[in-house]
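See structure below.
The values are calculated or read from the model by the stated rules, or taken from the named source; none is laboratory data. Predicted model only: the values in this text are computed from it and were never measured. All Cβ positions, even for glycine, are placed from backbone atoms using ideal geometry, and neighbour counts span all protein chains on display. What goes into the accessible areas is simple: the full protein's heavy atoms, side chains included, and nothing from ligands, DNA or RNA. Shrake-Rupley method; radii C 1.70, N 1.55, O 1.52, S 1.80 Å.
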Amino acid sequence: MKATYQWLARLIAIGVVLQAAFIAFGMFEISNMVGDGKAFTEDSDPTAGIALHGLFGGMIIPLLVLLMLIVSFFAKVPGGVQLALATLGLVVLQVVLGFVSAPAPVLGLLHGINAFVLAGVAGFAGGRAGQATSPAPRAETTAAA
Amino acid sequence: MIEPRRRWWRGPRLRLAVGIVASAAIVATVGWFWYGSLVPSTYSVMDMGYVDAGGGPAGGHDHAGGTSVAELTGPVDGTPDVAVTLTARQEEFALASGEQVDGYTLNHTSPGPPIRATEGDLVEVTLVNESISDGATLHWHGLDVPNAEDGVAGVTQDAVPVGGRHVYRFRADDPGSYWYHSHQASHEQVKGGLFGALVIAPRAGTGGIEVVAPVHTYDGRRTVAGYTGVQRVAAAAGEQALVRVANTDNGTLRLSVTGAPYRVVALDARDLHQPTDLTDRAVRLAAGGRADLAVTAPADGSAVRVDFGAGAALVIGPSEAPEPPAAELDATVDFLSYGSPAELGLDPGAADRRFELRIGRRPGFLDGRPGLWWTMNGRLFPDVPMYLVREGDVAVMTISNSSGEGHPMHLHGHHVVVLSRNGEPATGGPWWTDSLDVEDGETYQVAFVADNPGVWMDHCHNLPHAVEGMIVHLAYEGVTTPYLVGGDADNQPE
């Protein structure tokens, strides 16, 4: 269970990295299109990067964080449930920011910054699970006497 | 020392039990919402959502008896004054300016051939589906035809299968600019080119130069009447041209007229009353809407330019006049105060029905898919309102939008008049519309007369939004539809 928790946390952190990659790809696709004389309008299909960003952000990462929360109940990782809840909260915040930024683009700045916070917390949770699985050997300091 | 007995409700067993219960709660909740959102593949729009009688009498939502939509046809007898056959195909075609597009054509062209009639004519259009595997229909956008001629697959007819045909007959009662398009898998077929212009000239005629300008963006390339780029329209100095613009795309169109003052003489096929000259102001035209611009070539022999965005423009003037530079104007015309008031022809104070439509957005499941979806009065598709009216009713509807983006709302079969926006009353020439852009944060109050019995769609004309369930219906007491969404004909109106 600890290993599952660790991997879910890591996948979420990797997912955030992919999200950044997808959206950069999507933006460059638009600039390429525009350079080709095409207009990007309400009628345009979302570019591949934008579509992937929407898929991962709206479905895959939320699903992973829900699974992480469920696994945290059984994984016995110190602080594991709290970290899973924190990750869930940040994912919710990220999704909300993703949608309220459409009418208020300046909020997109927060969407960008929160991505790093989310990746950090998920990564930290994964690290915590890793420690719990294989703790570093401690110097024996028993008062043997 | 005696060891105290382990209490079963402490320690690891409790943690496990709580964990199982919490997980089950999460899965059950998500699963319950997921299951509740599923939409059957075949259903009747009469069974969708809930009935909103707007404070009026609520009887007559019968499934048996009453009038069937199939009976509400146009004139059955009479020789047509205008008879057209449109053969629909799914094929690759070239735009008039040469670019190749993979889409849909009518009589091998996109836009399809313009249909022209004069006020009072009996129009007969035969749609033949030669190769569109999803089926096709034709809807007369803005024309308040009898319900059975409205062309909505699954509501007023079955989609025409490959090899089939459907005959539409209607009288061209209201002169103005319209367009026609498929209403089967419309988000795909309209985008792919299954549309055309429809112009009904007044009996007295318009005289002078007339430019029919349906605007459509094919794969990022904006066209006006099928051509990309700048087109020249020859006009003598001082000569007036009537430019009938139809927005066939999903997004709002910005029309920037530079080089001379101009007037908007009609919106959505309804003349504006005493429109004044406009300078340095653009027209924001909602998706599906039409604007008739009276543009005059300047007396000094220069040309006037109408920019449609994305490089498409019309330059109107003598052929030797230099091409004016492209422009995109920021300031826009506010139709709430453009022109001067005239008789509405209805009394909103004596409304028989008062409806509310609140457009929003929230997370949830739409037919099993998670996401952030549009809500109509707080509910996701298919739990949307069906507004009930009786023939002759005057209805007032308040439409508000807090969904984060603007939506062009299109009511079939009727025109509505704008009474106010955000509480500010309309003071201009009556703003009659069938395609109204409701921006984020805006509230419109509109009124209409229920003078066209049937079952009518009212939906966002940013068609991908309609696919996501941004639809409501207007239904008349005692009228039912025998058609089904899905079913053997595989009707998919959006």
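Remark: residue B:109 matches the filter, which requires a residue to be open to solvent by 50 Å² or more (accessible area, probe 1.4 Å) and under 24 Å from the mean Cα position of the chain (by Cα). When the residues of the stretch B:359-400 are narrowed to those that are of a type in the set (Ser, Thr, Tyr) and open to solvent by 20 Å² or more (accessible area, probe 1.4 Å), which ends up nearest to the other protein chains (Cβ to nearest Cβ)? Looking at residues that are of a type in the set (Ser, Thr, Tyr) and open to solvent by 20 Å² or more (accessible area, probe 1.4 Å), I get B:400. None of B:208, B:196 is crowded, with 20+ Cβ neighbours inside 10 Å, in contact with a strand residue (DSSP E or B) (Cβ under 7 Å, 6 or more places away or on another chain) and among the small types (Gly, Ala, Ser) except B:196. None of B:204, B:185 is small (Gly, Ala, Ser) and touching a residue at least 12 places away in the same chain (Cβ under 8 Å) except B:185. Tell me, please, whether a residue that is among the small types (Gly, Ala, Ser), away from chain A (no Cβ under 13 Å) and not in a strand (DSSP E or B) can be found in the stretch B:316-323. Taking every residue of the stretch B:316-323 in turn, at least one turns out to be among the small types (Gly, Ala, Ser), away from chain A (no Cβ under 13 Å) and not in a strand (DSSP E or B). Screening the candidates B:217, B:258, B:248 for the property of being open to solvent by less than 50 Å² (accessible area, probe 1.4 Å) and in contact with a Ser or Thr (Cβ under 7 Å, 6 or more places away or on another chain) yields one hit, B:217. When B:166, B:183 are screened for being within 15 Å of the chain's Cα centre (by Cα) and either at pLDDT 95 or above or not in a helix (DSSP H, G or I) (or both), only B:183 passes. For the stretch B:8-20, a residue qualifies if it is open to solvent by 60 Å² or more (accessible area, probe 1.4 Å), more than 18 Å from residue A:65 (Cα to Cα) and assigned to a helix (DSSP H, G or I), and the qualifying residues are B:12, B:13, B:14, B:15, B:16, B:18. For the stretch B:234-259, a residue qualifies if it is on the phi < 0 side of the Ramachandran plot and either in a loop (DSSP other than H, G, I, E, B) or free of Cβ contacts under 8 Å to residues at least 12 places away in the same chain (or both), and the qualifying residues are B:235, B:236, B:237, B:239, B:248, B:249, B:250, B:251, B:252.
Considering the stretch A:1-118, the qualifying helices (runs of 4 or more DSSP H), each wholly inside and each with 3 or more residues that are within 11 Å of chain B (Cβ to nearest Cβ), run over A:2-35, A:61-75, A:80-100. Being over 16 Å from the mean Cα position of the chain (by Cα), away from chain A (no Cβ under 14 Å) and open to solvent by less than 10 Å² (accessible area, probe 1.4 Å) is the requirement here; does residue B:418 meet it? Criteria met by residue B:418.
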